[in-house]
Amino acid sequence: MLSTMQSYALTVGSVLRHAATVHGARETITAVAPGRRRTSYAELGERAARLANALRGFGVDGDQRVATFQWSNQEHLDGYAAIPSMGAVLHTLNLRLPPHQLSYIANHAEDSVLIVDDTLVPLLARALPDMATVHTVLVTGSGDLAPLEGYGKEVLRYDEVLAAQSPVFDWPDVDENSAAAMCYTSGTTGNPKGVVYSHRSMWLHSQAACTRNALGVSYDDTILAIVPMFHANAWGLPYAAMMAGAQLLLPGPFLQAAPLVEMIESERPTMSGAVPTIWNDILNHLRDNPGHDISSLKFVACGGSAVPRSLMQAFDELGVRIVQAWGMTETSPLASVALPPATATPEEAMHLRGTQGRVVAGVEARIVDDEGTALPHDGKSVGELEVRGPWVTAAYHGGEDPEKFHDGWLRTGDVGLIDPRQFITLTDRAKDVIKSGGEWISSVELENELIGHPDVQSAAVIGVPDEKWQERPLAAVVRRPGSTVGPEELRQYLSDKVAKWWLPERFSFIDEVPLTGTGKYDKKVLRKRYSDGELAVEGHVEG
Ligand code: ADP
């Protein structure tokens, strides 16, 4: 065998080392009430060392899971840096889950120490009594500890614990294939399932995020990470920022449109990432409060659900480019990005931006039929999307749901097509597909078109049983305040945008679309409301 290159472990520790030394002066800016807190990456190195020393003292000396129950803030970043680098496993808990799911997840992952923001203590108090393996809780800030006491856990103040530690830690050599972090999927069906990231997967994913075919994170960026750090590692933005020397803007709990716009105007981030609902809120806020300038944002990664073209066009007019990306908790999450080639005509470019994009190098994608046979990438054949690659999970924690994996591919549960240029278009989640008279109707496309109507704030389309066609689409629409738009006007609006037989006959005007723990439309709830007769249906159903 020829001798080749050094074997250098691709670890989170190496990312931290790079940030703290090469980019030591670059800052993380956290929104706090009132004001902002600024911490350099050099300081992050010291804070991480203090946290690692403290965790060692609490018995974390191997791959124990250390849970976080935190907004996006400096203390959460301390955990991002320290926990994997010391060889332990960072387990981000999703604040939006109900208490019984939180305790289920903490027990399933066997969390040992848990770090919580003081503002979230009341929420944690509802789940902590059932968290059997958690023995120590560290509380950031100076809020009340009392709600966490009396359950046999040691409850301590984070700042006091850190202050008592050395800012130097003897970081161990860590195997790049060992576990670094874990995150549970929202589990809209069945129990939540754990995805365990390795050091290697996180390193490669971060580096991919820094390439121009993906997010192109660089030293000159300031990244407003709106997507929470408890959701799929904030799409990997914190680690990519540390790798690139980009500055990080962390909004804490201030995720409403007004404080976000204020933060954008004053800190002038160049890049951001958030789900379409957030950008929709920001757009509505800007329309109601003109005169703001958010054009410092040059690249806004958007995904988590399909991004309506009308949303991208509205932001284009503000000088802000929204770029659609697709991924899942299981794919770290970044897998594909919709960047049209520079040679595309404006119409073509808009069309391609509305797709889920092309996979980045490292991820492979294919479409398969019900038997698992790969279908051609001809822009016509529709099937389930499967992916594989070094930052795609090989199994769920504990080996649950093995049927989601076959032949080394992950079955994504997303349905769509791939065109000859390799752009992916998703039409639905497998569990939400609508089949009318034997033909597919894309609820995603109907939703995207509906949201383009000026009177529509949001819209979710579900399939409902129909005597003649087996299934037909029903549009559950949230109107903009003050609007009285009705079924006929919406049908008329859609009529030149989708095939005639796609036009929903049934409309239901609702106050809000129910959401899952990860902020996606909870169509299961809508379907149940419909079958329970709780949705008032308007429109004309032909006999
Ligand atoms: P969950 O825990 O709800 O699965 P994830 O964030 O892992 O949360 O969700 C991944 C899913 O989100 C994908 O399988 C897909 O259905 C949806 N999704 C993500 N990005 C996009 C996108 N750009 N367009 C359409 N759907 C998307």
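The values are calculated or read from the model by the stated rules, or taken from the named source; none is laboratory data. In this text, all values refer to a predicted model and were calculated from it rather than measured experimentally. Cβ coordinates were reconstructed from backbone atoms using ideal geometry, including for glycine residues, and neighbour counts include every protein chain displayed.
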Which count do you get for residues in the range 306-323 that are out of contact with any helix residue (DSSP H, G or I) (no Cβ under 6 Å at 6 or more places or on another chain) and either within 11 Å of the ligand (Cβ to nearest atom) or closer than 26 Å to Arg411 by Cβ (or both)? 1
Meets criteria (within 16 Å of the ligand (Cβ to nearest atom), of a type in the set (Val, Ile, Thr) and either in the same structural domain as Gly141 (by TED's automatic domain parsing) or more than 24 Å from His205 (Cα to Cα) (or both)) for Ile294: no
Residues in the range 482-504: is at least one within 16 Å of the ligand (Cβ to nearest atom) and small (Gly, Ala, Ser)? no
State whether one or more residues within the range 459-475 are assigned to a strand (DSSP E or B), under 30 Å from Pro341 (Cα atoms), among the hydrophobic types (A, V, I, L, M, F, W, C) and touching a Gly at 6+ places or on another chain (Cβ under 8 Å). no
Out of (1) over 30 Å from Arg366 (Cβ atoms); (2) surrounded by fewer than 17 Cβ atoms within 10 Å (Cβ to Cβ), what's the single condition that is false for Leu494? (2)
Among the residues in the range 408-430, are any of a type in the set (Phe, Trp, Tyr), over 30 Å from Asp511 (Cα atoms) and touching a Leu at 6+ places or on another chain (Cβ under 8 Å)? yes
For a quick check of your reading: which strands (runs of 3 or more DSSP E) sit entirely within the range 27-83 and have at least 2 residues that are of a type in the set (D, E, K, R) and more than 18 Å from Trp235 (Cα to Cα)? 36-40
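Every residue, every condition in (1) under 28 Å from Gly190 (Cβ atoms); (2) touching an Asp or Glu at 6+ places or on another chain (Cβ under 6 Å); (3) surrounded by fewer than 19 Cβ atoms within 10 Å (Cβ to Cβ); (4) not hydroxyl-bearing (Ser, Thr, Tyr), yes or no:
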{"residue": "Ala374", "(1), (2), (3), (4)": "yes, no, yes, yes"}
{"residue": "Trp391", "(1), (2), (3), (4)": "yes, no, no, yes"}
{"residue": "Trp409", "(1), (2), (3), (4)": "yes, yes, no, yes"}
{"residue": "Phe423", "(1), (2), (3), (4)": "no, no, no, yes"}
{"residue": "Asn448", "(1), (2), (3), (4)": "no, no, no, yes"}
{"residue": "Gly452", "(1), (2), (3), (4)": "no, no, yes, yes"}
Val387 farther than 23 Å from Pro276 by Cα and crowded, with 21+ Cβ neighbours inside 10 Å: yes
Meets criteria (within 16 Å of the ligand (Cβ to nearest atom), under 27 Å from Asn53 (Cα atoms), in contact with a Lys or Arg (Cβ under 8 Å, 6 or more places away or on another chain) and modelled with pLDDT of 95 or more) for Met229: no
Looking at the range 327-399, what strands (runs of 3 or more DSSP E) fall wholly within it and have at least 3 residues that are away from the ligand (no atom under 11 Å from the Cβ)? 364-368, 383-388
Selection from the range 513-528 of residues that are free of Cβ contacts under 8 Å to residues at least 24 places away in the same chain and either in a loop (DSSP other than H, G, I, E, B) or within 8 Å of the ligand (Cβ to nearest atom) (or both): Pro514
Going by the conditions given, is Thr39 at pLDDT 95 or above and touching a strand residue (DSSP E or B) at 6+ places or on another chain (Cβ under 8 Å)? yes
Take the conditions of a type in the set (S, T, N, Q), over 30 Å from Gly452 (Cα atoms) and in contact (Cβ under 8 Å) with a residue 12 or more places away in the chain and apply them to Thr270. Does it pass? no
Which one is nearest to Gly379 (Cα to Cα) among residues in the range 408-448 that are at pLDDT 90 or above, more than 15 Å from the ligand (Cβ to nearest atom) and not in a strand (DSSP E or B)? Asp419
